[in-house]
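Reading through the structure tokens given below for one structure.
The values are calculated or read from the model by the stated rules, or taken from the named source; none is laboratory data. On a predicted model such as this, the values are computed, not experimentally measured, just so you know. Here the Cβ positions follow ideal geometry from the backbone for every residue, glycine too, while neighbour counts run over all protein chains shown. In case anyone asks, the SASA skips ligands and DNA or RNA and just uses the protein heavy atoms, side chains included. Shrake-Rupley method; radii C 1.70, N 1.55, O 1.52, S 1.80 Å.
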Amino acid sequence: LSLVVVLICLLLSAFFSGSETALTASSRASMSRLEKHGNRRAAIVNQLLEQRERLIGALLLGNNAANIAASALATGVLLAWFGNAGVVYATALMTVLVVVFAEVLPKTAAFNAPDRIALAVAKPMQWVVRLLGPILIWIERIVCWILARFGMDVGEDQAILSAREELRGAVDLLHSEGDVERLDRDMFGGVLDLR
């Protein structure tokens, strides 16, 4: 039974890891366009991204709880099987399982198809954020209070570049990768220079 629970915890951890990557890497423009065409899951993705701190808090809380539970249960099982050496075995085994199957694999999959996976996880993540809402409010308050002690105001716009400069940087990057011709880059730059 403990091993089944460990497997379930690893699956939950993979879900949270993949969801984090997919939701944060999804295209805001695509989601907005899909929402305008009546896609409800895209609307949920946009709602989740509007409350980014709460979303990240839910993802981290869920992921860490799943990983800690899986590691604790695996340690208990391996201690019963191998005695004190079970701690070493549990540490090695859970490190490999968590890194490969609960972190790298789901994040890689989500990074390769962020929009599709973001739409797939939107509804479950909406429920997770609602369920963990009261806990997350307190976590946010504690985090904001601690960061305020270091002079950081959470929630204020901390953008280094304006939206116009970010667009210019994106076009320059695409040009350097060969996806945008020089003439097109220069024309787009001219449009950005207009008042």
Exercise. Return yes or no: is Leu183 open to solvent by less than 100 Å² (accessible area, probe 1.4 Å) and either modelled with pLDDT of 75 or more or touching a strand residue (DSSP E or B) at 6+ places or on another chain (Cβ under 9 Å) (or both)?
Key: no
Quiz prompt | Hits in segment 94-111 (condition: open to solvent by less than 60 Å² (accessible area, probe 1.4 Å) and hydrophobic (A, V, I, L, M, F, W, C)) | solution = Met94, Leu97, Val98, Ala102, Ala109, Ala110
Practice problem: Find the helices (runs of 4 or more DSSP H) located wholly in segment 1-93 whose residues include 2 or more that are loosely packed, with under 14 Cβ neighbours inside 10 Å and either among the charged types (D, E, K, R) or touching a Gly at 6+ places or on another chain (Cβ under 6 Å) (or both), and list them. | Solution: 28-36, 40-50
Quiz item: Can you name the number of the only condition in (1) in contact with a Gly (Cβ under 9 Å, 6 or more places away or on another chain); (2) within 30 Å of Leu192 (Cβ to Cβ); (3) buried (at least 16 other Cβ atoms within 10 Å of the Cβ) that Ala118 fails?
Solution: (1)
Self-check item: Filter result for Ile137 (more than 18 Å from the chain's Cα centre (by Cα) and modelled with pLDDT of 85 or more)
Solution: yes
